[in-house]
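Read-outs: derived from the displayed coordinates by stated rules, not from any lab. Everything numeric in this text was worked out from a predicted model, so none of it was measured.
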Amino acid sequence: MKKIAQGLKWACIVLLLINLLLWGLYNASGHQIPTETNVFFRNNFFLLTFILAISMVGLFFLKKKKQ
């Protein structure tokens, strides 16, 4: 269970970084971002942050349970 939570945590961190990098590059390009694209990146950010928070809480309780 702990390995799943750790894998989920690292997957979310990597995907968040990729999402933010692409979003930043899209904004820095100077082009007008289509509303759908902006909403897509924003929704990905909130979804991945939520999943990351859940996995971190799970890891916290698994660590606490072990002690």
Exercise. May I ask you to work out the translational diffusion coefficient for the stretch 2-66 at 25 °C, viscosity 0.890 mPa s, via Stokes-Einstein with Rh from the Kirkwood sum over Cα pairs, reported in whole µm²/s?
Key: 188 µm²/s
Exercise. For helix 35-66, report the angle its Cα long axis makes with the longest principal axis of the Cα atoms of the chain; keep it between 0 and 90° and round to the nearest 10°.
Key: 10 degrees
Quiz item: Could you work out the helix-only [θ] at 222 nm for the chain, with each DSSP H run of four or more residues adding -39,500 (n - 2.57) and the total divided by the number of residues, to the nearest 500 deg cm²/dmol?
Solution: -32000 deg cm²/dmol
Practice problem: Please give the helix 2-28 orientation as an angle from the longest Cα principal axis of the chain, in degrees from 0 to 90, rounded to the nearest 10. | Solution: 10 degrees
